[in-house]
Amino acid sequence: MPMRLVDRRPEVPADQLVAQMVPPPMFDEVGFDTYIPDPNEPSQAAAVASARAFAEKVTAIHKAGQKKSFFGKKKPTQGAGLYLDGGFGVGKTHLLASIFHSAPAPKSFGTFGELTNLVGALGFGNAVERLSANSVLCIDEFELDDPGDTMLVSRLLTELSASGVSVAATSNTLPGQLGEGRFAAQDFLREIKKLGSIFDTVRVDGPDYRHRDLPPAPEPSSDAQLNERAAATPAATLDDFDALLRHLSTLHPSKFGALIDGVSAVFVSGVHPVNDQAVALRLVVLADRLYDAGTPVTVSGAKLDEIFSQEMLDGGYRKKYLRAISRLLALSRFEVPA
């Protein structure tokens, strides 16, 4: 009998939230030399060079800060900033993880959502204190979901940068356009511009490597097939889609990674388009954690490229939903362990 995710209620201590801020396992071995630029996309080779140069700058700034600390001077060197902008699946996370691996410790890597969750769990002052010794803070999928996050991240990065922490980020939206379509309050334009001024922006173009020369979304399994495959897969979980969505609403998003810890494959029955934004955003976080863990996903019901309603895709979080679809489709093609 397969396990169910809805029966799991993980607890993640605040200290563990800091310790687990490292690249996903699939990026453990990546480096600048393992990134293969598309010869038809010259921006990719240029991005590798920029990321490599940035990593060298991070090391130099960190060493300079350590020397100043040794001689008792408290004014640190200003941290550097790099912003890798591009579409889905062009290797931005690969480059970000390469920067992380090249930088001296201490250092941190996490998604934008994980960073805001960390500040929420630790408190702003404690988070600044813990991260201010870093050589670099790497933020994957940088997004601003609401005015509160704008103010929080702007203040956090400003303080960290001033203390000598370099910041590297990836996103699908240029810094000056962060927040577009989500909130239009003029009061926050100044904060968005402040964020943009921290980074040097490098564009990474190209098609989504996850779907190059691949067929469209696979047809969903029947419920009988789904049950049979789940029962035959060790350490797999089998959940009803609506029940799983309700369970996610009871957990803080910072626990979604722990929710799937040790799970070999996820099977979900009765998938249908999601129409509620709060539900859809929680599903995005789960998709990110599943992708980080490389956990295969198999469903019955609707196709995975139909998991968000057209109303959701037409809204301000369109890019976030499209990224989740891209990742879920990639996971649907992963081989399920026997």
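Taking the criterion of being among the acidic types (Asp, Glu) and either modelled with pLDDT of 90 or more or loosely packed, with under 14 Cβ neighbours inside 10 Å (or both), the only residue of the range 114-131 that qualifies is Glu129. Selection of the range 220-255 for residues being assigned to a loop (DSSP other than H, G, I, E, B), at pLDDT 95 or above and crowded, with 19+ Cβ neighbours inside 10 Å yields only Thr233. In the set (1) open to solvent by 10 Å² or more (accessible area, probe 1.4 Å); (2) in a helix (DSSP H, G or I); (3) not aromatic (Phe, Trp, Tyr), the condition left unmet by Leu96 is number (1).
When the test is whether a residue is assigned to a helix (DSSP H, G or I), buried (at least 21 other Cβ atoms within 10 Å of the Cβ) and of a type outside the set (Lys, Arg), Phe54 passes it.
Answer with yes or no whether Gln66 is open to solvent by 60 Å² or more (accessible area, probe 1.4 Å), assigned to a helix (DSSP H, G or I) and over 30 Å from Thr295 (Cα atoms). In short, yes.
Tell me whether the range 153-166 contains one or more residues that are without any contact (Cβ under 8 Å) to a residue 24 or more places away in the chain, over 20 Å from Met26 (Cα atoms) and among the small types (Gly, Ala, Ser).
Here is the first cut: in the range 153-166, the residues without any contact (Cβ under 8 Å) to a residue 24 or more places away in the chain are none.
Looking through the range 153-166, none of the residues is without any contact (Cβ under 8 Å) to a residue 24 or more places away in the chain, over 20 Å from Met26 (Cα atoms) and among the small types (Gly, Ala, Ser).
Determine if the range 81-89 includes at least one residue that is at pLDDT 90 or above, surrounded by 13 or more Cβ atoms within 10 Å (Cβ to Cβ) and either farther than 24 Å from Val167 by Cβ or not polar (S, T, N, Q) (or both). Within the range 81-89, one or more residues are at pLDDT 90 or above, surrounded by 13 or more Cβ atoms within 10 Å (Cβ to Cβ) and either farther than 24 Å from Val167 by Cβ or not polar (S, T, N, Q) (or both). Of the residues making up the range 202-219, those that are more than 16 Å from Ser269 (Cα to Cα) and either at pLDDT 75 or above or aliphatic (A, V, I, L, M) (or both) number 7.
Of the residues Glu143, Glu159, only one is open to solvent by 10 Å² or more (accessible area, probe 1.4 Å) and part of a helix (DSSP H, G or I); which?
Numbers: Glu143 fails: part of a helix (DSSP H, G or I).
The unique qualifying residue is Glu159.
Whenever a residue of the range 264-291 is closer than 26 Å to Asp140 by Cα and polar (S, T, N, Q), its partners that are open to solvent by 40 Å² or more (accessible area, probe 1.4 Å) and outside any helix (DSSP H, G or I), lying with C-beta atoms within less than 8 angstrom and at least six residues away or across chains, give the pairs Ser264/Pro234; Ser264/Ala235; Ser264/Pro337. Looking only at the range 284-310, which residues are under 14 Å from His272 (Cα atoms) and either surrounded by fewer than 22 Cβ atoms within 10 Å (Cβ to Cβ) or not polar (S, T, N, Q) (or both)? Hits for the range 284-310 are Val299, Ser300, Gly301, Ala302, Lys303, Leu304, Asp305, Glu306, Ile307, Phe308, Ser309, Gln310. Here is the figure for the range 17-41: residues that are assigned to a helix (DSSP H, G or I) and either open to solvent by 50 Å² or more (accessible area, probe 1.4 Å) or polar (S, T, N, Q) (or both) total 5.
The values are calculated or read from the model by the stated rules, or taken from the named source; none is laboratory data. Since the structure is predicted, the reported quantities are computational estimates derived from the model, not experimental observations. Neighbour counts are summed over all protein chains in view; Cβ atoms, including those assigned to glycine, are modelled from backbone coordinates with ideal geometry. We work out accessible area using only protein heavy atoms, side chains counted, and drop any ligands, DNA or RNA first. Shrake-Rupley method; radii C 1.70, N 1.55, O 1.52, S 1.80 Å.
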